[in-house]
Amino acid sequence: MELDVLRYASKISSLAHMHVMRTIKPGMKEYQAEATFLHHVYFYGGARHVCYNCIAASGRSGAVLHYGHAGAPNDQTVRDGDMLLFDFGAEYCCYCSDVTCSYP
């Protein structure tokens, strides 16, 4: 049963990452990518929480370790051609997933 819950947490996180990739556009804010992920894992997967502070970084911010906290919020505008780094993971029934991806 534990393995099934871990697989489920990973599956809903992966599906939400793919949804973010399809919907993010130049001109959006990084926090909108995070909000899209949060909505997707809760609305479609029932995951009310994430395992850690989400990192949604575009451009140079992808090189900042643990970008996305109060000192470096996910508030930059995504520009056309930016490299994007997303580190999001859903928590489901106290089991965590950790999915990081980057793409142009």
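The values are calculated or read from the model by the stated rules, or taken from the named source; none is laboratory data. Here the structure is a predicted model, which is why all the values come from computation and not from measurement. Cβ sites come from the backbone with ideal geometry, for glycine too, and all protein chains shown count toward neighbours. Note: accessible area is taken over every heavy atom of the protein model, side chains too, but ligands, DNA and RNA are not part of it. Shrake-Rupley method; radii C 1.70, N 1.55, O 1.52, S 1.80 Å.
Restricting to the stretch 24-51, what's the tally of residues that are within 10 Å of the chain's Cα centre (by Cα) and among the hydroxyl-bearing types (Ser, Thr, Tyr)? Within the stretch 24-51, residues that are within 10 Å of the chain's Cα centre (by Cα) and among the hydroxyl-bearing types (Ser, Thr, Tyr) number 2.
For the stretch 57-72, a residue qualifies if it is surrounded by fewer than 17 Cβ atoms within 10 Å (Cβ to Cβ) and either within 17 Å of Ala9 (Cα to Cα) or not charged (D, E, K, R) (or both), and the qualifying residues are Gly59, Ala63, Val64, Leu65, His66, His69, Ala70, Gly71, Ala72.
This table checks each residue for (1) farther than 29 Å from Glu2 by Cα; (2) in contact with a strand residue (DSSP E or B) (Cβ under 9 Å, 6 or more places away or on another chain); (3) modelled with pLDDT of 95 or more.
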position	(1), (2), (3)
Phe43	no, no, yes
His49	no, yes, yes
Gly68	yes, yes, no
Pro73	yes, no, no
Glu91	no, yes, yes
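Would it be correct to say that Val50 is over 15 Å from Pro104 (Cα atoms), open to solvent by 30 Å² or more (accessible area, probe 1.4 Å) and β-branched (Val, Ile, Thr)? Yes, satisfied.
Scanning the stretch 73-97 for residues that are of a type in the set (Asp, Glu) and surrounded by 14 or more Cβ atoms within 10 Å (Cβ to Cβ) turns up Asp82, Asp87, Glu91. In the condition set (1) modelled with pLDDT of 95 or more; (2) open to solvent by 30 Å² or more (accessible area, probe 1.4 Å); (3) in contact with a His (Cβ under 8 Å, 6 or more places away or on another chain), Phe37 is compliant with all but (2). Do you know which residues across the stretch 7-21 are closer than 18 Å to Ser102 by Cβ and either in contact with a Lys or Arg (Cβ under 6 Å, 6 or more places away or on another chain) or open to solvent by 80 Å² or more (accessible area, probe 1.4 Å) (or both)? The one that is closer than 18 Å to Ser102 by Cβ and either in contact with a Lys or Arg (Cβ under 6 Å, 6 or more places away or on another chain) or open to solvent by 80 Å² or more (accessible area, probe 1.4 Å) (or both): Met18. Number of residues in the stretch 79-102 that are within 21 Å of Ser14 (Cα to Cα) and over 14 Å from the mean Cα position of the chain (by Cα) equals 5.
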